[in-house]
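Okay, so here's the structure we're looking at.
The values are calculated or read from the model by the stated rules, or taken from the named source; none is laboratory data. None of these values were measured; they are calculated from a predicted model. Quick reminder, even Gly has a Cβ in these numbers, built from the backbone with ideal geometry, and neighbours come from all protein chains shown. All accessible areas refer to the heavy atoms of the entire protein, side chains included, with ligands and DNA or RNA removed. Shrake-Rupley method; radii C 1.70, N 1.55, O 1.52, S 1.80 Å.
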Amino acid sequence: MLETQRHLKWRSLDHLEAVTMVLCGLCLAGFSTSVFLDVLTRTLAAPWLWLQEVTSTFFVYGIFIGAAAATRRNDHLYLSAITETMSGTLRLVVEIFNRLVVLGVAFCMTWFGYINFLQGLGNYRMPSMTPLSSYYAAIPIAGVLIGLFTIEQMVNGWRNGFETREPQDHDLHFE
């Protein structure tokens, strides 16, 4: 777990962050492996067509679960360059506004992603005939996680302030 901005995080969600990070790693490894095997089998003139489905599934899940993990770590969907120069009430207002925008995006991802998921039940991927819903499920899952992590940051920022408690000097000194 990253200990940066710990004042914006609940320890009870650290395990969920760890799970999202592991899933991101598995998706990256699966994506890389399936691309390698796809290129290899095509080079050997014996392509496995189902590998394209596997590759795209790892890619989509990696992107959406990665967005949720990055939201928890304040690495994504966050305008830090603007707010780091602010302090006091102005910073509180801008930070809450930023997170309300992210919360709106998370709501849309959850709501419309779920609708898309339901509509995908009648459509199938070729050649496996797997319902497209298996592909679309990543969107509302990520929306719920992004919403949860955003609410966590808003509540803790409201209570503890958004100012970082870590030293601001990020210069590296080598001797």
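When VAL102, VAL60 are checked against the criterion of being under 30 Å from ASN160 (Cβ atoms), modelled with pLDDT of 90 or more and buried (at least 16 other Cβ atoms within 10 Å of the Cβ), VAL102 stands alone in meeting it. Of all the criteria given as (1) assigned to a helix (DSSP H, G or I); (2) small (Gly, Ala, Ser); (3) loosely packed, with under 14 Cβ neighbours inside 10 Å, the one not satisfied by GLY143 is (3).
This table checks each residue for (1) in contact with a helix residue (DSSP H, G or I) (Cβ under 9 Å, 6 or more places away or on another chain); (2) open to solvent by 20 Å² or more (accessible area, probe 1.4 Å); (3) assigned to a helix (DSSP H, G or I).
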site	(1), (2), (3)
HIS15	no, yes, yes
THR20	yes, no, yes
LEU26	yes, yes, yes
GLY30	yes, no, yes
VAL39	no, yes, yes
GLN52	yes, yes, yes
ILE65	yes, no, yes
MET86	yes, yes, no
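Among the conditions (1) at pLDDT 85 or above; (2) open to solvent by less than 50 Å² (accessible area, probe 1.4 Å); (3) within 16 Å of HIS7 (Cα to Cα), the only one that THR164 does not satisfy is (1). Among the residues of the range 27-62, count how many are touching a residue at least 24 places away in the same chain (Cβ under 8 Å) and of a type outside the set (Asp, Glu). Here the count works out to 16. Go through the residues of the range 110-127 one by one and say whether even a single one is surrounded by fewer than 16 Cβ atoms within 10 Å (Cβ to Cβ), over 17 Å from the mean Cα position of the chain (by Cα), of a type in the set (A, V, I, L, M, F, W, C) and part of a loop (DSSP other than H, G, I, E, B). Taking every residue of the range 110-127 in turn, at least one turns out to be surrounded by fewer than 16 Cβ atoms within 10 Å (Cβ to Cβ), over 17 Å from the mean Cα position of the chain (by Cα), of a type in the set (A, V, I, L, M, F, W, C) and part of a loop (DSSP other than H, G, I, E, B). Within the range 1-60, the residues that satisfy the criterion of being closer than 17 Å to SER128 by Cα and of a type in the set (Asp, Glu) are ASP38, GLU53.
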